[in-house]
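The values are calculated or read from the model by the stated rules, or taken from the named source; none is laboratory data. Because the structure is a prediction, the values reported are computed rather than measured. Here Cβ is always computed from backbone atoms with ideal geometry, including for glycine, and neighbour counts include all displayed protein chains.
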Amino acid sequence: MELAKNNPTLINKKNIMIWATALVVVVAVSFVPVIFSRYVIYVATLALLYAMLTASYDLIFGYTGQLSFSQGAFFGLGAYTSALLTLSGGLNFWLALPLTVIVGFIIAALIGSPALRLRGSYFAVTTFFLAHFVYLVFLNTDKLTGGPMGLRNIQPPDKLWFIDFSQMNVYFYFVLLFTILVLLFLYYLIYKTEIGRRFVAIREDQDLAESLGVNTSFYKVLSFSISGALAALCGSLFAHYFLLLHPSQFAWFTSEMIVIMTLVGGAGTLIGPVLGAAVVTFILELFRYAPELRFIIWAAALIAILVFEPKGLMGMAKRIRFRRSQ
Amino acid sequence: MEIYIINGLVLGSIYALIALGINLIWSITDIPDFSQGGIYVISAYVVYFSITTLNLPWYIAIVAAALAGAVMAFCFEKFLYRRWRGRTDHIQLLCAIALFFLLANLAIYLWTAKSLNLEHYIMGKAEIFGVGVSYQRLMIIVVVIVLFILINLFLMKTKTGKAIRAATQDIEVAPWMGIDINKVFSIIFAMGGALSGIAAALVAPVFAVYPMMGELPLLKALVVVILGGKGSLVGTLIAGMGLGILESLGAGYISASYQHGYAFIILLIVLVFKPQGLFGSRKE
Amino acid sequence: MTDILEVKGLKKQFGGLVAVNNLDFTIEDGSRTGIIGPNGAGKTTTFAMIAGEHNPTAGSILFEGERIDRLKPSVICKKGAARTFQIVRVFRQLTVYEHIIMGAVAGKSCFSTCSYQTDEIEHLMELTGFENDHDKIAGSLTSARQKQLGLATALATKPKLLLLDELMAGLNLSEIERSLLILRKINEEMGITLVIIEHVMRVIMGLCKKIIVLETGQKIAEGTPKEISENKRVIKAYLGKEEKAYAGN
Ligand SMILES: Nc1ncnc2c1ncn2[C@@H]1O[C@H](COP(=O)(O)OP(=O)(O)O)[C@@H](O)[C@H]1O
Ligand SMILES: [Mg+2]
């Protein structure tokens with residue numbers, strides 16, 4: 001009971017069932033690479049990656065209530081930073097990874113502090129432009145990023161203990177799975193230390209939160225920075241899984257897609273966006289041979305979600321449960 | 001130098017024109033209407049096909065683009081945004097972005113991603129400060145300034161215009177003053193759509209017509225609104241022209257590859273040093 | 001007695017509109033003061049400046065002898081000046097209990113895991129009449145109750161000075177009586193200085209020892225309830241018509 005009271009939105013009695021389900025899903029998901037073909041593993045890895053990315057986004061959007069369209073930009077920054085640190089800097093991947101996270105955090109903090117002075121739609125528009133700006137940088141700093149040619153020859157993660165990533169892609173899948181668990185634990189910590197409570201307060205009513213003593217500008221930037229750092233982490237893993245980078249992978253609609261995945265699952269529920277990412281990734285794979293149609297379907301689907309179920313899958317689940325209990 | 005400034009004015013006029021519609025919509029309905037970017041694209045195709053396939057004269061084509069833009073924006077408001085009126089959870093903004101995305105990709109699907117070219121509506125050049133400027137470019141600047149004046153007159157002098165201004169001041173009180181909010185919203189959106197349509201029609205012969213043509217003007221227009229201030233016509237015009245000139249000078253003297261990034265840098269700098277915006281306050 | 005709050009030459013201009021002009025007053029530590037005035041007189045704007053939501057155009061605000069104008073609301077709250085809002089503001093999705101805790105923890109260091117005393121919160125809930133509403137969702141309360149929740153949450157920040165903006169609007173007679181009792185307790189038992197904006201004259205007259213009257217941004221009178229009710233200018237500007245308007249309450 002005390003735990004339930006202390007942690008309003010993440011862990012409470014009602015959510016225990018969800019967490020138990022999540023655990024079962026995780027265990028089930030870890031069997032995917034054992035049973036299925038290379039292609040399925042590829043799609044599953046992609047789904048995990050996007051799941052992590054949407055989870056990172058849920059912090060700033062779902063919990064702190066700041067609509068941002070720059071998650072894809074931090075994802076890209078992470079990917080390029082990590083690739084360049086290993087390619088040009090000659091660093092070991094396992095050193096480049098934490099460095100990338102730090103870089104992501106710092107850049108997010110630097111941009112967030114002025115941008116988060118804006119509220120609501122003004123902030124959203126600014127981040128939209130940020131995503132475009134970062135894309136321009138990738139495209140135009142030819143010497144560093146290879147410009148429109150992109151970056152090639154990125155190496156898989158260096159050997160870690162006995163795990164040789166160049167041998168088997170499956171290892172990567174487990175690394176991702178592990179990272180997601182770490183991420184969930186980090187989120188749990190955020191809520192334990194009462195930081196998350198302040199994020200939620202800002203989402204619910206920023207002026208009220210400020211009047212009660214929450215340093216809202218600091219916590220907004222903190223949320224944005226953690227969120228950006230985690231997106232950079234995803235980017236680093238992405239770079240060393242796909243092994244080639246191109247600016248178009250991080251154009252503005254990448255951010256858009258993250259927002260869509262979050263909405264499909266249900267913002268502010270953490271598990272929701274993770275589910276949403278998985279669902280959207282698999283659906284998109286079905287349309288991989290009709291790319292133009294794929295984008296049209298995305299957009300139409302988003303509008304349909306907004307019209308019919310703005311709370312996403314989690315909202316739908318809640319409603320169904322509610323109806324059954326009636 | 002002069003050539004950059006004149007090119008900048010042309011660019012800036014277009015930003016200002018799209019920004020004008022977006023600003024009217026934003027200040028009254030609180031929606032940063034990204035769908036104007038998509039409306040701009042579709043209207044450009046309307047112009048293209050009016051002239052090439054239907055053989056219509058260019059001025060009719062411009063009217064057709066304005067109409068197409070107005071109808072699209074009108075419908076989006078009536079059938080989508082309206083259902084979420086008063087909501088503060090970004091749902092309308094998300095819908096607007098989805099519409100933008102939808103229209104741009106619809107254009108790719110229907111007409112492929114390749115770019116199409118139109119002839120200038122009016123051939124020939126004028127000499128200004130020793131620089132040759134095509135009549136087409138001059139026409140853009142002139143039309144935009146005339147439109148600004150017309151819209152200003154409309155808002156100041158007509159009954160509808162006054163109702164719109166009252167709604168801008170205080171949307172909650174407006175119904176008490178006998179103002180039909182639905183009507184105001186419809187008019188505002190139709191106007192915004194028409195302005196985007198005209199902007200597209202004006203630039204179609206100067207730049208090319210292609211599905212992704214809406215992205216950059218849309219972004220710049222949004223920045224222009226933030227810089228120029230909500231509800232300020234003059235602010236929009238100055239910020240739009242200013243941004244166009246700065247971009248053009250930046251492209252000429254600093255680096256052309258970052259031309260489309262300067263707006264963002266300017267925005268960040270303004271946010272750091274003058275968070276309340278260049279013209280007046282901006283507290284939501 | 002010392003003054004906890006001192007306002008000197010305070011002015012606020014919104015564009016061309018002067019909402020508050022050249023306002024001076026002091027609030028004695030431990031006192032109960034009322035601020036009255038017709039709608040648009042600048043009462044809420046005055047609170048907003050004290051609480052740091054708006055920066056004054058001119059003038060200064062001293063809290064316990066220290067300048068607080070131009071500080072952020074969160075900093076001012078941590079110094080001990082809390083407020084409630086005239087318009088209803090709540091964290092809609094939190095439960096009542098979580099909502100009040102938010103007041104207790106909001107200004108604390110973010111690394112503490114248990115920065116509030118459960119029994120203190122319980123006591124506060126009992127005092128403000130929320131003892132049976134732990135798990136109710138804040139957004140589902142009536143707006144009058146939401147305002148009371150605002151009071152409870154502001155109290156949880158352990159303020160020395162509490163600014164209450166039309167807390168009683170929308171309450172019925174018996175609720176007003178209860179609310180009055182609560183405010184007295186807050187002031188007498190907890191020693192919190194109260195400044196109250198209220199339209200319900202009975203509340204102001206019964207509760208406050210000092211009343212400040214504003215009209216179009218300026219102070220037109222200040223004194224005891226008796227002095228105010230006899231002041232010609234106040235009667236003309238405010239009491240005459242407002243008393244009738246509120247007779248129905
Ligand atoms: N944020 C604001 N922007 C512009 N004008 C404001 C703002 N806040 C208040 N005002 C104006 O200031 C005046 C005083 O308002 P207020 O302090 O709310 O009065 P009161 O609380 O006494 O009814 C009113 O005319 C109001 O319209
Ligand atoms: Mg008031």
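Only one residue in A:S236, A:S211, A:S217 is out of contact with any Phe, Trp or Tyr (no Cβ under 7 Å at 6 or more places or on another chain) and within 7 Å of another protein chain (Cβ to nearest Cβ), so which one is that?
The match here is A:S211.
Select from the stretch C:1-21 the residues that are away from ligand 1 (no atom under 16 Å from the Cβ) and either of a type outside the set (S, T, N, Q) or not assigned by TED's automatic domain parsing to the domain that holds C:L62 (or both) and list them in ascending order.
Result: C:M1, C:D3, C:I4, C:L5, C:E6, C:K8, C:G9.
As an exercise: evaluate A:F165 against (1) away from chain C (no Cβ under 14 Å); (2) assigned to a helix (DSSP H, G or I); (3) modelled with pLDDT under 80 and give the number of the one condition it does not meet.
Looking at each condition in turn, A:F165 falls short on (2).
Looking at B:A98, B:A64, B:A104, which one is touching a helix residue (DSSP H, G or I) at 6+ places or on another chain (Cβ under 6 Å), more than 9 Å from chain A (Cβ to nearest Cβ) and in a helix (DSSP H, G or I)?
Being touching a helix residue (DSSP H, G or I) at 6+ places or on another chain (Cβ under 6 Å), more than 9 Å from chain A (Cβ to nearest Cβ) and in a helix (DSSP H, G or I) holds for just one of B:A98, B:A64, B:A104, which is B:A64.
Scanning for something away from every other protein chain (no Cβ under 14 Å) and touching a Gly at 6+ places or on another chain (Cβ under 9 Å), does the stretch A:172-193 turn up at least one residue?
Yes, the stretch A:172-193 contains a residue that is away from every other protein chain (no Cβ under 14 Å) and touching a Gly at 6+ places or on another chain (Cβ under 9 Å).
Of the residues that sit in the stretch B:243-267 and are under 19 Å from the mean Cα position of the chain (by Cα) and facing another protein chain (nearest Cβ under 8 Å), which one is surrounded by the most Cβ atoms within 10 Å (Cβ to Cβ)?
B:A263
From the list B:G235, B:G231, B:G244, pick out the single residue that is part of a helix (DSSP H, G or I) and in contact (Cβ under 8 Å) with a residue 60 or more places away in the chain.
Residue meeting the stated conditions: B:G244.
Pick from A:R119, A:R152: which is within 21 Å of A:L237 (Cα to Cα), touching a residue at least 12 places away in the same chain (Cβ under 8 Å) and surrounded by fewer than 17 Cβ atoms within 10 Å (Cβ to Cβ)?
Criteria check complete, one pass: A:R152.
Residues to consider are B:V142, B:V133, B:V146; find the one that is away from chain A (no Cβ under 14 Å) and assigned to a strand (DSSP E or B).
B:V133 is the lone residue from the list that is away from chain A (no Cβ under 14 Å) and assigned to a strand (DSSP E or B).
Can you pull out the residues in the stretch C:8-21 that are surrounded by fewer than 15 Cβ atoms within 10 Å (Cβ to Cβ) and of a type in the set (A, V, I, L, M)?
Residue satisfying the conditions is C:L17 alone.
Consider B:I51 carefully, then state whether it is in contact (Cβ under 8 Å) with a residue 12 or more places away in the chain and either acidic (D, E) or not in a helix (DSSP H, G or I) (or both).
no
Condition check ((1) surrounded by fewer than 24 Cβ atoms within 10 Å (Cβ to Cβ); (2) in contact (Cβ under 8 Å) with a residue 60 or more places away in the chain; (3) on the phi > 0 side of the Ramachandran plot) across all residues:
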{"residue": "A:Q249", "(1), (2), (3)": "yes, yes, no"}
{"residue": "A:L270", "(1), (2), (3)": "no, yes, yes"}
{"residue": "A:T281", "(1), (2), (3)": "yes, yes, no"}
{"residue": "A:I296", "(1), (2), (3)": "yes, no, no"}
{"residue": "A:R319", "(1), (2), (3)": "yes, no, no"}
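Does any residue of the stretch C:164-182 turn out to be within 14 Å of chain A (Cβ to nearest Cβ) and within 16 Å of ligand 1 (Cβ to nearest atom)?
Yes, the stretch C:164-182 contains at least one residue that is within 14 Å of chain A (Cβ to nearest Cβ) and within 16 Å of ligand 1 (Cβ to nearest atom).
Show the residue pairs meeting these rules: Cβ distance below 7 Å; 6+ apart or different chains; first residue within the stretch B:87-109 and more than 19 Å from A:T64 (Cα to Cα); second residue among the charged types (D, E, K, R) and surrounded by 20 or more Cβ atoms within 10 Å (Cβ to Cβ).
B:A96/B:D33; B:I97/A:E256; B:F101/A:E256
Checking C:D119 against (1) touching a helix residue (DSSP H, G or I) at 6+ places or on another chain (Cβ under 9 Å); (2) outside the structural domain of C:I196 (by TED's automatic domain parsing), only one condition comes out false. Which one?
Failed condition: (1).
Yes/no matrix, rows are residues, columns are (1) within 13 Å of chain A (Cβ to nearest Cβ); (2) more than 16 Å from ligand 2 (Cβ to nearest atom); (3) at pLDDT 95 or above:
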{"position": "C:K12", "(1), (2), (3)": "no, no, no"}
{"position": "C:G15", "(1), (2), (3)": "no, yes, no"}
{"position": "C:G37", "(1), (2), (3)": "no, no, no"}
{"position": "C:A41", "(1), (2), (3)": "no, no, no"}
{"position": "C:N55", "(1), (2), (3)": "no, yes, no"}
{"position": "C:V88", "(1), (2), (3)": "yes, no, no"}
{"position": "C:T95", "(1), (2), (3)": "yes, yes, no"}
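With a cut-off of at least 1 residues that are surrounded by fewer than 22 Cβ atoms within 10 Å (Cβ to Cβ) and within 16 Å of ligand 2 (Cβ to nearest atom), name the strands (runs of 3 or more DSSP E) lying wholly within the stretch C:134-243.
Of the strands (runs of 3 or more DSSP E) lying wholly inside the stretch C:134-243, those with at least 1 residues that are surrounded by fewer than 22 Cβ atoms within 10 Å (Cβ to Cβ) and within 16 Å of ligand 2 (Cβ to nearest atom) span C:210-215, C:218-223.
How about the stretch A:259-275: which of its residues are over 20 Å from B:M212 (Cβ atoms) and within 14 Å of chain B (Cβ to nearest Cβ)?
A:M261, A:T262, A:L263, A:V264, A:G266, A:A267, A:G268
Out of all the residues in the stretch B:31-41, is one or more more than 14 Å from chain A (Cβ to nearest Cβ), over 12 Å from the mean Cα position of the chain (by Cα) and part of a helix (DSSP H, G or I)?
no
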